[in-house]
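Encoded as structure tokens, the structure appears first; notes follow it.
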Amino acid sequence: MAPAVIAGFDRLVAAVQANCHVTDARHARNMTMCTYLLEMRELYRWESGAAQTAPLPRGEVATWLTGREALWAAFEEAEYLPLPVAGGEVDPFDAAAVNHALLPHDLVYGAGIGRFGKPQFFLGALEREESRDGVRILVARREYARDLAPAVAALRDGTITVRLESLRRVLWEKVEGWTVKRPDGALRAALDAYDFAGDAEAALERMAAAEAETLILHELGESRAGRLLGPEWEAMLSGLTRRRAEVFARAARDHLADCLVTLPALLERDAAASIHLWFASLDGMRRDLFPRLAGAYAAWRDGDRGRALRAAAESGVAHWQGVCGQILALHAQHGDDAEAAIEALAEAADARL
């Protein structure tokens with residue numbers, strides 16, 4: 001569907017993009033240099049309208065990067081702007097109020113606090129709206145305003161937002177990274193399942209459409225996990241300031257969500273390509289905390305019809321709910337001083353499954 005005409009659209013885009021500049025100016029330098037350069041490359045590609053598969057002119061990208069950093073210097077002390085919608089001004093973090101005004105015009109807005117305390121904003125065209133398990137789902141396609149390192153999916157205030165354009169970019173980064181050495185493994189299996197050896201552009205579209213569903217399943221799992229853990233979880237998470245403590249807490253809750261919903265649903269649907277890609281994305285602390293999954297995935301590839309994966313997910317529900325409960329208990333006991341204890345729990349053998 002094409003977005004309907006809305007008065008003041010250009011002013012709205014400008015305000016959302018200005019807020020994106022503010023959050024990037026304040027937080028972009030907290031990334032590792034490698035991540036920063038990759039995300040800046042993709043931001044340039046988005047702003048310039050370059051095709052996802054097109055090579056980028058290094059000189060132009062370098063000049064743009066210098067200019068963008070200079071632009072951010074002017075925004076670093078700026079305040080977030082209210083958004084001009086419905087004839088008034090709305091707090092940029094009040095996504096529900098903004099979407100109440102925009103959804104009838106086939107536009108969708110997202111705002112919230114992401115990883116490591118970085119505010120995130122975007123404005124896009126609405127692809128579709130649906131509801132499952134009492135959760136509203138908004139899927140966006142083309143993006144008119146965005147910040148650096150966008151979250152491709154998020155659950156906030158009972159609403160899941162999925163961003164197809166950003167998802168395609170993230171998926172293509174995976175494909176590009178794989179082509180350097182073309183190793184065997186889960187990602188190669190996923191690319192073969194989506195037939196990237198044929199028409200890569202068409203394969204990317206198929207992958208993005210299918211993996212948007214995987215993201216929705218994960219966020220539905222987050223919703224169920226939230227009901228199990230209670231509102232104290234989000235309050236605790238938002239107060240964490242040490243990176244490792246936050247990564248561990250998010251990884252434990254992600255595993256709970258995927259054991260509750262994502263893995264059982266993918267197995268029930270026999271969604272082989274998505275299962276391969278889920279395991280291709282299992283890295284870092286999430287992989288280290290759940291070593292049982294490696295053997296279960298190998299058994300699935302060897303033809304056990306998912307028995308080991310189902311068993312791992314069933315065991316994972318109780319285990320990860322318990323680990324999350326331990327994190328909450330440490331926070332309740334120690335308050336703002338809990339992060340060292342949470343990091344110690346991340347190293348404990350009984351935190352793993």
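The values are calculated or read from the model by the stated rules, or taken from the named source; none is laboratory data. Keep in mind that this is a model prediction, so the values were computed, not measured. Quick reminder, even Gly has a Cβ in these numbers, built from the backbone with ideal geometry, and neighbours come from all protein chains shown.
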- Query: Do we find that Ser48 is under 20 Å from the mean Cα position of the chain (by Cα) and among the hydroxyl-bearing types (Ser, Thr, Tyr) in this structure?
  - Reply: no
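Evaluate the following for Leu293: is it assigned to a helix (DSSP H, G or I), in contact with a Leu (Cβ under 8 Å, 6 or more places away or on another chain) and free of Cβ contacts under 8 Å to residues at least 24 places away in the same chain?
In short, yes.
Over 19 Å from Ala149 (Cβ atoms), surrounded by fewer than 15 Cβ atoms within 10 Å (Cβ to Cβ) and among the hydrophobic types (A, V, I, L, M, F, W, C): which single residue out of Ala97, Ala101, Ala62 fits that description? Please lay out each step first, then the result.
On the way: Ala97 fails: surrounded by fewer than 15 Cβ atoms within 10 Å (Cβ to Cβ); Ala101 fails: surrounded by fewer than 15 Cβ atoms within 10 Å (Cβ to Cβ).
Answer to the selection: Ala62.
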- Failed condition for Ala70, given (1) in contact with a Lys or Arg (Cβ under 7 Å, 6 or more places away or on another chain); (2) over 22 Å from Glu222 (Cβ atoms): (1)
- Message: With the requirement that a residue be touching a helix residue (DSSP H, G or I) at 6+ places or on another chain (Cβ under 7 Å) and of a type in the set (Val, Ile, Thr), what does segment 72-116 give you?
- Response: Val85, Val90, Val108, Ile113
- From the option list Arg146, Arg142, single residue qualifying as of a type in the set (D, E, K, R) and surrounded by 18 or more Cβ atoms within 10 Å (Cβ to Cβ) is Arg146
- Query: Taking segment 244-268 only, how many residues are over 21 Å from Ser315 (Cβ atoms) and surrounded by fewer than 23 Cβ atoms within 10 Å (Cβ to Cβ)?
  - Reply: 3
- Which of (1) assigned to a helix (DSSP H, G or I); (2) within 30 Å of Val170 (Cα to Cα) is the odd one out, the single condition Ala318 does not satisfy? (2)
- Task: Return the pairs, sorted by first residue and then second, in which the second residue is part of a helix (DSSP H, G or I) and surrounded by fewer than 12 Cβ atoms within 10 Å (Cβ to Cβ), the first residue lies in segment 62-75 and is in contact (Cβ under 8 Å) with a residue 12 or more places away in the chain, the beta carbons are less than 6 Å apart, and the residues are 6+ apart or on different chains.
- Result: none
- Message: Any residue at all in segment 30-47 that's modelled with pLDDT of 95 or more, surrounded by 16 or more Cβ atoms within 10 Å (Cβ to Cβ) and not in a helix (DSSP H, G or I)?
- Response: no
- Query: Taking the stated definitions as given, is Leu191 out of contact with any Pro (no Cβ under 7 Å at 6 or more places or on another chain) and buried (at least 21 other Cβ atoms within 10 Å of the Cβ)?
  - Reply: yes
- Candidates Gly117, Gly112 - the one that is closer than 15 Å to Leu155 by Cβ, touching a residue at least 40 places away in the same chain (Cβ under 8 Å) and of a type outside the set (Ser, Thr, Tyr): Gly112
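Taking the condition under 16 Å from the mean Cα position of the chain (by Cα) and either over 17 Å from Arg115 (Cα atoms) or surrounded by 15 or more Cβ atoms within 10 Å (Cβ to Cβ) (or both), does Leu282 pass? Outline the logic, then answer.
On the way: under 16 Å from the mean Cα position of the chain (by Cα): yes; either over 17 Å from Arg115 (Cα atoms) or surrounded by 15 or more Cβ atoms within 10 Å (Cβ to Cβ) (or both): yes.
It is true that Leu282 is under 16 Å from the mean Cα position of the chain (by Cα) and either over 17 Å from Arg115 (Cα atoms) or surrounded by 15 or more Cβ atoms within 10 Å (Cβ to Cβ) (or both).
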- Query: Inside segment 81-142, counting only strands (runs of 3 or more DSSP E) that do not spill past its ends, which hold 3 or more residues that are under 26 Å from Glu246 (Cα atoms)?
  - Reply: 107-113, 119-132
- Query: From the list Glu222, Glu201, Glu268, Glu211, which residue is of a type in the set (D, E, K, R) and touching a strand residue (DSSP E or B) at 6+ places or on another chain (Cβ under 9 Å)?
  - Reply: Glu222
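This table checks each residue for (1) over 17 Å from Glu246 (Cβ atoms); (2) crowded, with 17+ Cβ neighbours inside 10 Å.
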{"residue": "Gly295", "(1), (2)": "yes, no"}
{"residue": "Gly303", "(1), (2)": "yes, no"}
{"residue": "Gly306", "(1), (2)": "yes, yes"}
{"residue": "Glu314", "(1), (2)": "yes, no"}
{"residue": "Ala318", "(1), (2)": "yes, no"}
{"residue": "Leu328", "(1), (2)": "no, yes"}
{"residue": "Ala338", "(1), (2)": "no, yes"}
- Item | Scan of segment 227-246 for residues that are without any contact (Cβ under 8 Å) to a residue 40 or more places away in the chain and assigned to a helix (DSSP H, G or I), ordered by number | Arg227, Glu234, Ala235, Leu237
- Message: Looking at Ala18, Ala62, Ala73, can you tell me which residue is assigned to a helix (DSSP H, G or I) and within 24 Å of Leu155 (Cα to Cα)?
- Response: Ala18
